[in-house]
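Worksheet for the structure shown next.
Read-outs: derived from the displayed coordinates by stated rules, not from any lab. Keep in mind that this is a model prediction, so the values were computed, not measured. Positions of Cβ are generated from backbone atoms using ideal geometry, with glycine treated the same way; all protein chains shown enter the neighbour counts.
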Amino acid sequence: MTATLNHPAKRSVTRTLDIPLNRVEGDLSIRVELDSGRVSEAWSSGTMYRGIENILLGRGPLDGLVITPRICGICSTAHLTAASKALDSISGIQPPPDAIRVRNLALMAELLQSDVRQTFLTFAADFTNGAYQRHPLHEEALRRYAPMKGETAIDVIRQTRKIVEIVAILGGQWPHSSYMVPGGVAGVPSLADLLQCQHLLAGYRAWYERRILGCSIDRWGEVRSGADLDNWLHECAAHRDSDLGFFIRFARQNGLDRIGGGHGNFISFGLLDLPPGTEVRSRNGSTTHLMGGGFARGAHITPFDPANVTEHVAHSWYVDYPAGRHPFEGETRPYATGEESQKYSWAKAPRYADLPAETGPLAEMVVSRNPLFADLLTSGPSVLTRQLARLVRPAELMPAMQQWLSEICPDGTFYDPASAITEGEGFGTVDAARGALGHWVRIEGGSIQRYQIITPTAWNGSPRDSGHVRGPWEEALIGTPVADPENPVEVGHVVRSFDPCLVCTVHALRGRCSLACRDL
């Protein structure tokens, strides 16, 4: 669906492109202005309204555990985790260590599936675009990534289907499971369940090392700089011909290391809570998360402070309010007549300390001070580094998964009873497949009086804020060369490197349907 966007009066440019971007989760429209063959302006429009927050109002506190996982079929476990943690905080309860392990394991299985599928089924499909038909690697790209018939594409579907069985074993089903509750989890995994999870993970790790990395995770862990990465790539044929090796070669030869910069600000809420007593250690010394949260502005990294989070609606189709508001004070009141010249998206504009911030695997690597990505980003972020972070994040996760599976005691405690939730406010934050996800909840008189959700794509795909500052991927598009306006594959590379998921950003309208929801 192509939406009609209304923007401020435009200066004279060579060409304007309206691009309904496919191969993303949900509906996304990108408008760019080209000046001398390069993007000089960009607008990102989420073309459906998100109403989940309003659907939850007046419902019982536990209803969020059933409704919010249905926001998205890709990251439903992440929404369940955030919703559960929000209720944990209101209850003032800390789930038992084994309950934290079970929560983590399900979320990690979801991440493993999403990272590989996004890379090879949505992002790398652009490598087969006709724009590259004269490139020496084009035939190999077709062999690997042609949609629904490429060797890697088919293999990825087969293998990722298996790894999410871990979520079904621990949570009863996937997607949309609801086994997390305030104080822990509702089910106790048996020894047979844990052994089956270990078997599934071992098989997935062996496949990932053989096909994706072309080496062991331990060997990949020795790559700590750009020079190390070059040495690894040329060390042997197995590295060079792996899907990781091919991705790096193709991306470099086609300039994906030189486009998609953005603001250079990064946010992570923290990836995976560390349960008390675990042998798993954080890379950056965090005592709370496997990959500690924070905000990075250039090389300066500060701890994450939820008080600094706000949402703006100056360019979003909502009733205006001054500047940005913290989620506990936020509003979701849709207002779109088509006549406002500055409003152009159903996505709000989250900001941290009034600054736009990119989130996702690259942000996690930056904030957790991963040495490889710290070195690669000395020349700024790019499409290559952003997608590389996603492709190798599973190597960060699987060793911790194996350790947590070995630490769980089937005869242990998985639930600490929580009292009835009748009053209070709290929030749950988690890093989902696409980055920082937060649920902010206020309970009054035993029912939900306020529920605000900030999704990763709201951070990355936000419109301009009250200061008219572009969102992260709007900014990342600036300066992108477009060789053929009839086939702007470069725009797709930049936006897809953020892994857009608009179904998390938007949902449903009641009453008479407008253009924005006509095709729902």
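So here's what we get for this one:
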item: Local net charge near HIS239, Cβ-Cβ under 13 Å (Lys/Arg +1, Asp/Glu -1); result: -2
item: Kirkwood Rh in Å, taken over the stretch 166-270 so that all alpha-carbon pairs contribute; result: 17.4 Å
item: Spatially near lysine pairs across the chain, Cα under 28 Å, sequence gap of 8 or more or different chains; result: 5
item: Residue exposure sequence - HIS138, HIS493, HIS326 - by fewest surrounding Cβ within 10 Å; result: HIS326, HIS138, HIS493
item: Mean separation of Cα contacts under 8 Å, 6 or more apart, over the residue count of the chain: relative contact order %; result: 26 percent
item: For the chain, alpha-carbon Rg over 2.2 N^0.38 Å; result: 0.93
item: Sorted by Cβ neighbour density within 10 Å, fewest at the top, the residues CYS236, CYS72; result: CYS236, CYS72
item: Ordering of 211-222, 274-285, 427-438 by burial proxy (mean other Cβ atoms within 10 Å per residue, highest first); result: 427-438, 211-222, 274-285
item: Backbone N under 19 Å from the TYR335 label point (7 Å along Cα→Cβ), restricted to the stretch 434-475; result: 463-468
item: Total charge dipole magnitude, the stretch 76-141, about the Cα centre, Cβ charges on Lys, Arg, Asp, Glu only, Debye to nearest 20; result: 200 debye
item: At 0.890 mPa s and 25 °C, Stokes diffusion of the stretch 22-113 via Kirkwood alpha-carbon radius, µm² per second; result: 150 µm²/s
item: Assigned charges on the beta-carbon of Lys, Arg, Asp, Glu; the stretch 60-193 dipole about Cα centre (debye); result: 200 debye
item: Two-site label geometry, GLU279 and GLN133: point separation in nm, points 7 Å out along Cα→Cβ; result: 5.6 nm
item: Helix-only [θ]222 nm of the chain, DSSP H runs n ≥ 4, -39500 (n - 2.57) each, per residue, nearest 500; result: -10000 deg cm²/dmol
item: Percent of Cα-Cα distances greater than 16 Å, calculated over the stretch 78-134; result: 61 percent
item: Chain lengthening between LEU57 and ARG161 when straightened (0.36 nm per residue, less Cα-Cα); result: 33.9 nm
item: Calculated FRET efficiency for the pair ALA237/THR378, C-beta based, R₀ 35 Å, to 0.05; result: 0.75
item: Overall dimensions of the stretch 318-440 as given by Cα atoms, namely Rg and Dmax in Å; result: 20.3, 62
item: Stretchable slack from ALA206 to GLU425, in nm (0.36 nm times residue separation minus alpha-carbon distance); result: 74.4 nm
item: Length released on extending from ARG252 to ASP18, taking residue separation times 0.36 nm less the Cα-Cα span; result: 81.5 nm
item: Shape call, the stretch 31-169: gyration tensor on alpha carbons, a/c limit 1.5; result: oblate
item: Mean separation of Cα contacts under 8 Å (6+ apart) over length of the stretch 228-339, as relative contact order %; result: 14 percent
item: Proxy reagent accessibility, fewest Cβ within 10 Å first, across THR81, THR152, THR413; result: THR413, THR152, THR81
item: Percent RCO, i.e. relative contact order, over the stretch 9-103, from Cα pairs under 8 Å lying at least 6 residues apart; result: 14 percent
item: Shape of the stretch 433-499, Cα gyration tensor, a/c cut at 1.5; result: prolate
item: ARG219-THR302 pseudo-label distance in nm [points 7 Å out on the Cα-to-Cβ vector]; result: 4.3 nm
item: Student exercise, the chain dipole from Lys, Arg, Asp, Glu Cβ charges, in Debye to nearest 20; result: 780 debye
